[in-house]
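A.B. asks: Quick one: structure below, then a few questions.
The values are calculated or read from the model by the stated rules, or taken from the named source; none is laboratory data. Computed from a predicted model, the values in this text were never measured in an experiment. Methodologically, a virtual Cβ is constructed for each residue, glycine included, from the backbone with ideal geometry; neighbour enumeration extends over all protein chains shown. Just so you know, the surface numbers come from the protein's heavy atoms only, side chains and all, with ligands and any DNA or RNA stripped out. Shrake-Rupley method; radii C 1.70, N 1.55, O 1.52, S 1.80 Å.
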Amino acid sequence: MKCWPAPLLLACSVAAAAPGAATGPLHVPSPDWRDQVIYFVVTDRFADGDPHNNDQGAGEYRAGDGTRYNGGDLAGLLQHLPYIRGLGATALWITPPVANQWLSPAGDYAGYHGYWAENFMQVDRHLGTLADYQRLARALHGAGMYLVQDIVVNHTGNYFGYRGGWDAGDPARYYVPHTATPPVARPSQPPFDLNDPRDPRQRAQAIYHWTPDITDFSNPDQLLNFQLAGLDDLNTENPRVRRALRRSYDFWIREAGVDAFRVDTAFYVPPAFFDDFLHARDPQAPGIAVAARQTGRKHFLVFGEGFGIDRPGDDTQSRRIEAYMTGADGRPLLPGMLNFPLYGALGDAFARGRPPAALGERIARQSKLFARPQLMPTFVDNHDVDRFLAGGTVAGLEQALLAIMTLPGIPVVYYGTEQGFTVQRAAMFKAGFGSGGRDHYDTAAPLYRRIAAMTALRRAHPVFSRGTPTVLAAEGAQAGALAWRMQDGPASAWVVFNTADHAVLLPGLATGLAEGSVLEGLFGLAGRPADLVVGAQGRVTLRLPPRCGWVWQQRPGAVPAAPAPNGPGAAPAAASITLDALPADAVDGDFEVGGRAPGVQRLQIVVDGDLASATAAVPDAAGRWQARVATGRLADPEVEHSIVAWDGRQAVSQPRRFRVVRHWQLLADVADPAGDDRGPDGRYRYPREGSWDAHQADLRRVQAWGSGGALKLDLTMNAVTAGWGPPNGFDHVVFTIFVALPGRADGATVMPLQNASLPGGMRWQLRLRAGGWSDALFASAGASATDEGTPVTPAAAIAVDRRAGRVSLTIPAAALGNPPSLAGAQVYVTTWDYDGGYRPLAPEAGPFAFGGGAADGPKVMDASAVITLHEGTPAGARP
C-alpha cells in the first residue's frame with residue numbers, strides 16, 4: 001500500500017471477511033465494456049450488512065426516514081452479490097463511497113447518497129472501511145464482475161454560502177461559513193480545506209470559485225462556476241485542484257480495485273477538464289487512464305452524467321453530450337456519457353404512451369451523433385428521476401428494459417427495478433425507507449426473472465451489444481408498432497414492439513431479406529414468437545398483441561412448422577387490395593373510403609395500426625368495398641395519420657395519409673385570485689432558495705377546451721420559469737389535476753400523496769401529475785393516500801408559452817375513455833412542487849421545502865375552484 005495521510009490510514013482497518021465470500025484479485029484487466037450489464041445501487045438503501053456503523057451520533061441516522069442515513073453499507077453489498085449476479089449483471093455501480101458531509105447546514109437532509117464529499121480519499125464511516133471496499137472488489141472480480149464507482153469533480157459538500165448579496169470582485173463579502181455541520185467544519189482533505197476567502201492566503205490559492213447558487217441554468221458562466229444547490233463549486237481550471245482530484249481518484253483504482261468511474265454533474269465542469277483528468281502525464285498524479293493502465297486496465301471506462309433530453313426533431317442536448325466525449329478538435333474526451341436523450345424517448349414511448357416514432361427517430365439519430373454509442377450507458381430510470389413505475393406500467397417497464405437490452409449501449413438496471421419499486425430511493429431492506437417493513441431480495445419475483453432472461457439474451461447474442469440499429473417501422477400518430485434490425489457483420493436480429501394497450505397491425509415490414517427467408521423466434525415478453533417466413537419483396541405483415549416485445553434472428557434455409565393462419569408466422573396471401581385516394585389531405589369530420597379487394601370476403605379498415613378501432617368492410621361481387629371512418633378520437637391537427645385495408649392475413653393495401661381538421665370549443669374560463677398561493681389556511685411559504693421568488697405556483701386562470709373527446713387545459717400562472725433546464729419547459733411547480741367524467745358515480749375523493757381530499761364531494765376518475773420532469777396520468781382504481789392509482793396512457797401533451805405565463809396540458813380522448821361529450825365533467829387544479837415526490841412541508845421553510853404547515857398538512861399551494869365544463873361557454877381570450 002502506498003503511504004497516505006494518517007487520517008486515511010485509520011479508515012483502512014481490516015474487517016472480518018464475510019462468511020463464504022468469494023475472493024479474487026484486486027486488479028483485473030478491463031473487459032469489453034460493450035458486453036457488460038450494470039446494476040446500480042444507492043449503497044445506503046441496498047443492504048445493511050453491519051449495523052454497528054449505522055449511527056455516528058450526529059443525528060444523521062434514522063432508519064425508515066428518507067431524509068437520513070438508513071444503514072446500507074459495503075458489507076451488505078458483499079452479502080448480496082449472488083442476488084446481483086443472478087440477475088445477469090456483470091458490473092456493480094455504487095454511489096460515491098467517500099467521506100461525506102453528514103447533514104446539510106439546515107439539518108434537514110443527510111448526505112447518505114455520497115455526493116457531498118468532505119474527503120475524496122476516505123471511505124465514509126457509515127459504509128465501512130477501505131478493507132471492506134477491497135473485499136467487495138475482490139469478490140466481484142472473483143465472480144467475473146467489475147466495480148464502478150460514482151465520483152464527483154465539480155464540488156464538495158455545502159460548507160459555505162452567501163447571504164444578503166454577492167460581490168464577484170470581493171468573494172469575502174457576504175460570505176457565510178457553515179461550520180456546524182457534522183462530522184467536520186470544512187473539508188478535511190488538503191487543498192479542499194482552503195475554503196475561506198476571508199483569509200488572504202486561502203483566497204490566493206483559489207481552490208473554489210466562491211460563488212452563490214445557480215439561478216439560471218441556461219447561463220454558461222453560472223453553470224460552470226456557480227454553486228449547484230449550495231454545493232461548493234471547485235475551481236477545476238486550477239492546476240492544483242486538478243492534481244488533487246487526479247490523485248484522489250487514482251487512489252481508488254490502485255488501492256480499492258475500481259474498474260470504472262461514473263462522473264457526477266459532468267455538465268458543470270468544462271469539457272476540456274476531462275482531457276487533463278484522464279490523460280495528464282504527471283508522475284505523482286497521473287491521469288486516470290494512465291493510472292488505470294499501470295494496474296492492467298487498458299480500457300478503463302469513465303462515463304459522465306449530463307442531464308439533457310431532446311424533443312423530437314431536436315439534437316441540442318445530444319450534441320452537448322457528445323461535446324463531452326469528443327473535443328472540438330476531434331480528440332476523444334470521456335469514453336462515454338449516460339444516454340439521457342434515449343432515456344427520455346424510452347419513457348415517452350413505453351411509460352407515457354406517446355407515438356413511438358420519436359423513439360425510432362432517437363435511435364436512428366444517435367448512431368450518427370455519438371462517436372461511441374456502444375459505450376454510453378442506457379437506462380429507464382435512476383436515483384435522480386421518477387421510477388418508471390411511478391407513472392408507467394409493468395408491461396411498459398418490461399418493454400423499455402428489452403429495448404435497452406437490444407440496442408447499443410451498456411444497459412443499467414437501477415436497484416429495486418427487479419422488485420417493482422415505485423419510490424425513487426426506497427430501501428431493499430426491511431428497516432429502510434419505503435420498504436414496507438420487509439426485505440426485497442426475491443429471486444423468484446417476476447421482474448427479477450424477466451430481467452435475468454433479457455440479460456441472458458443479450459449475453460448469448462453479441463449483435464445486440466456490438467451491432468448497429470436500423471429502424472424499420474415506427475408509428476407516428478399514437479402508441480403502436482416499433483421495429484428495428486440490429487446488424488453486426490453477418491449477424492442480424494429483428495426487434496418488434498407494440499407500445500399500445502390494444503392489438504395493432506404492422507403492415508408490410510421490410511426485413512431486408514429475400515422472399516422465403518426464415519426468421520427464427522428468439523425471445524418474447526409473453527413467450528417466444530413463432531418463426532416467420534418472409535414474403536414478397538422481403539416483407540411480412542404482423543398482428544401485434546397488446547404490449548408485446550418480440551425478437552427474431554435469421555435462420556438460413558429453415559422453414560417454420562405449420563404457422564397459425566392469422567398468427568405472426570402466417571404465409572403470404574395472394575390477394576391484391578387497393579385503397580382509393582382520399583377525398584382530401586385534411587379531412588373535417590368522418591369520411592368515406594373505398595377500394596378493390598377481389599376474392600377477399602372481409603376486410604378491416606385500419607387507421608394508425610389500431611385494430612381495436614378498425615372498421616369492417618365487405619367487398620361486393622365485383623370486389624368493390626366501401627367504409628366510413630370515424631375521426632372523433634383523432635385530436636391533434638398536426639399529426640399525420642395513415643389508413644390501410646387488410647384482409648386479416650398478409651394482404652394489405654398501400655397506405656393513404658391524411659390529417660384531421662380539429663375545432664376546439666371553450667368549455668370553461670375561470671379566473672383565480674392573484675396572490676392566494678399561500679396554502680389552505682393562508683400561512684404557507686415558498687422554499688427559501690431564491691429561485692421561488694417568482695411565485696410560480698400562483699394560479700391565475702383556468703381555461704378548458706374540448707374537441708372530439710379530448711380535453712385541453714390552459715393554465716395561466718403568475719410566472720413560468722425554466723431556470724433549472726426542465727425537459728417539459730417549466731419548473732418550480734407541479735400541477736395535480738383531477739377530472740370527474742360526466743355520468744360517472746365511481747372514482748375516489750382522496751388526493752394521493754397530497755394529504756388532502758377533494759372539495760365539495762367531487763370524485764375523480766382521472767388524475768394528471770405534470771411537472772418539469774414528470775407527466776403521468778392515473779385512473780382512480782387502487783388510489784389511496786399513499787398510492788397514485790393505476791397508470792393510464794397516453795399521457796398529456798405539454799406546451800409552454802413563457803411570455804404569456806401559460807402552460808397548456810392536452811389529455812387525449814383515449815385517456816379519458818373516448819367520451820362523446822365533456823359537458824358536465826368537472827376539473828380541479830392544484831399546485832405544489834415535485835422532486836422525486838411532492839416536496840416536503842414543514843413548520844419552517846427550508847431551502848427546498850415549503851413552510852408554514854405540519855409535515856402531514858395538505859400539499860396544496862394554490863387551487864382552482866371545482867370547475868364544471870359546459871358546452872357553449874362564451875369565448876375567452878384564446879381561440
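A.B. asks: When the Karplus curve 6.51 cos²θ - 1.76 cosθ + 1.60 is applied with θ = phi - 60°, which whole-Hz ³J(HN,Hα) does each residue of the stretch 227-240 get, with x for Gly and Pro?
C.D. replies: 7, 8, 6, x, 7, 5, 7, 6, 7, 6, 7, 6, x, 5
A.B. asks: Assuming R0 = 51 Å, can you tell me the calculated FRET efficiency for the pair residue 215 and residue 621, based on Cβ-Cβ distance, to the nearest 0.05?
C.D. replies: After rounding, the FRET efficiency stands at 0.10.
A.B. asks: Could you order 834, 249 so the one with the most accessible surface comes first? Probe is 1.4 Å.
C.D. replies: Largest accessible area first, the residues go 834, 249.
A.B. asks: Something else now. Which order do the peptides 395-403, 284-292 take when ranked by the mean count of other beta-carbon atoms within 10 Å per residue, highest first?
C.D. replies: Going from most to least packed, we get 395-403, 284-292.
A.B. asks: In vacuo Debye scattering of the stretch 27-114, one point per C-alpha: log10 I(q)/I(0) at q = 0.16, 0.23 Å⁻¹?
C.D. replies: Values returned for q = 0.16, 0.23 Å⁻¹ are -0.69, -1.11.
A.B. asks: Percent relative contact order of the stretch 669-801, based on C-alpha pairs within less than 8 angstrom and at least six residues apart?
C.D. replies: 17
A.B. asks: Here's a follow-up. Have a look at the DSSP beta bridges in the chain and tell me what percent are antiparallel, nearest 5.
C.D. replies: That works out to approximately 80 percent antiparallel.
A.B. asks: OK, next. Which percent of the Cα-Cα distances in the stretch 288-397 go past 25 Å?
C.D. replies: Of all Cα-Cα pairs in the stretch 288-397, 28 percent lie more than 25 Å apart.
A.B. asks: Further question on the same structure: Under the definition of Cα pairs under 8 Å and six or more residues apart, what whole-number percent is the relative contact order of the stretch 401-454?
C.D. replies: 30
A.B. asks: If you don't mind, there's one more thing I want to ask. Apply the a/c threshold of 1.5 to the C-alpha gyration tensor of the stretch 450-561 and tell me whether it is rounded, prolate or oblate.
C.D. replies: Judged from the Cα gyration tensor, the stretch 450-561 comes out rounded (a/c under 1.5).
A.B. asks: Now for a different question. For the pair residue 630 and residue 799, how long in nm is the line joining their label points, each one 7 Å along Cα→Cβ?
C.D. replies: Label at residue 630, label at residue 799, 2.6 nm between them.
A.B. asks: Stretched out fully, how many nm does the piece from residue 174 to residue 444 gain, at 0.36 nm a residue minus the Cα gap?
C.D. replies: My answer for the length gained is 91.5 nm.
A.B. asks: Under a point spin-label approximation (7 Å from Cα along Cα-to-Cβ), what is the residue 279-residue 487 distance to one decimal in nm?
C.D. replies: About 3.2 nm separates the two model spin labels.
A.B. asks: Just add up the charged neighbours of residue 533: K/R +1, D/E -1, any other residue whose Cβ is under 12 Å from the Cβ of residue 533.
C.D. replies: That sum, taken over residues with Cβ under 12 Å, equals -1.
A.B. asks: Order the following by accessible area, largest value first: 739, 670. Probe radius 1.4 Å; ligands, DNA and RNA are ignored.
C.D. replies: My answer, sorted largest first, is 670, 739.
A.B. asks: How tilted is helix 446-460 with respect to the longest principal axis of the chain? Cα atoms for both, answer in degrees (0 to 90, nearest 10).
C.D. replies: 90
A.B. asks: Then there's this: Taking the Cα centre of the chain as the origin and placing charges on Cβ (Lys, Arg +1; Asp, Glu -1), which of 90, 393, 432 is farthest toward the positive end of the dipole?
C.D. replies: Of 90, 393, 432, it is 90.
A.B. asks: Let me ask something else. Going out from 0 in 10 Å bins, what whole percent of all Cα-Cα distances in the stretch 435-495 drops into each bin?
C.D. replies: 19, 29, 28, 17, 6, 0
A.B. asks: Same structure, new question: Using only Cα atoms, tell me the angle between helix 357-369 and the longest principal axis of the chain; keep it within 0 to 90° and round to the nearest 10.
C.D. replies: For helix 357-369, the angle is close to 50 degrees.
A.B. asks: Where does the chain land at 222 nm, in deg cm²/dmol rounded to the nearest 500, when only DSSP H runs of n ≥ 4 count, each adding -39500 (n - 2.57), divided by all residues?
C.D. replies: Dividing the helical sum by the residues of the chain leaves -4000 deg cm²/dmol.
A.B. asks: Restricting to Cα pairs below 8 Å that are 6+ residues apart, what does the relative contact order work out to for the chain? Please round to a whole percent.
C.D. replies: 8
A.B. asks: Hey, what's the chain come to in accessible area per residue, 1.4 Å probe, Å²?
C.D. replies: About 36 Å² of surface per residue is accessible.
A.B. asks: First check a/c for the stretch 366-405, with a ≥ b ≥ c the square roots of the eigenvalues of its C-alpha gyration tensor; if it is under 1.5, answer rounded, and if not, answer prolate when a/b is larger than b/c or oblate otherwise.
C.D. replies: Prolate is the answer for the stretch 366-405, as a/c is 1.5 or above and a/b outweighs b/c.
A.B. asks: What is the magnitude of the charge dipole of the chain about its Cα centre, with +1 placed on the Cβ of each Lys and Arg, -1 on the Cβ of each Asp and Glu, and no other charges, expressed in debye to the nearest 20?
C.D. replies: In total the dipole reaches around 1700 debye.
A.B. asks: Right, another one. How about residue 859: which aspartates and glutamates have a C-alpha closer than 12 Å to its C-alpha, ignoring those fewer than 8 places off in the same chain?
C.D. replies: Answer for residue 859, where 12 Å is the Cα cut-off: 677, 681, 833, listed by chain and number.
A.B. asks: Next up: Residue-wise, which Karplus ³J(HN,Hα) couplings in Hz belong to the stretch 823-829, taking 6.51 cos²θ - 1.76 cosθ + 1.60, θ = phi - 60°, and x for glycine or proline?
C.D. replies: Here the 3J(HN,Hα) series is 4, x, 5, 10, 10, 9, 10 Hz.
A.B. asks: Something else: With every protein chain kept in the model, how would you rank 67, 736 by accessible area, 1.4 Å probe, largest at the top?
C.D. replies: The most accessible residue leads, giving 67, 736.
A.B. asks: Can you tell me the orientation of helix 130-142 relative to the chain, as the angle in degrees between its alpha-carbon axis and the longest Cα principal axis, to the nearest 10?
C.D. replies: Long axis of 130-142 versus the principal axis of the chain: about 40 degrees.
A.B. asks: I would also like to ask the following. Note the full-extension length gain between residue 555 and residue 35 as 0.36 nm times their separation in residues minus their Cα-Cα distance, in nm to one decimal.
C.D. replies: Here the answer is 184.9 nm.
A.B. asks: Follow-up question, since we're still on this one. On the protein heavy atoms, probe 1.4 angstrom, tell me the percent of accessible surface of the stretch 59-104 carried by carbon and sulfur.
C.D. replies: It is 53 percent, rounded to a whole number.
A.B. asks: With a 1.4 Å probe and all protein chains kept in place, how much accessible area does residue 773 have, in Å² rounded to the nearest 10?
C.D. replies: Surface accessible to solvent at residue 773 totals approximately 100 Å².
A.B. asks: Next question, about the same structure. Rounded, prolate or oblate: which one fits the stretch 174-272, using the alpha carbon gyration tensor with axes a ≥ b ≥ c (rounded when a/c is under 1.5, else prolate when a/b beats b/c, else oblate)?
C.D. replies: Oblate.
A.B. asks: By a straight-distance test (C-alpha under 19 Å), which aspartates and glutamates pair with residue 368 as possible cross-link partners, with residues fewer than eight away in the same chain excluded?
C.D. replies: Filter leaves 310, 314, 315, 322, 329, 488.
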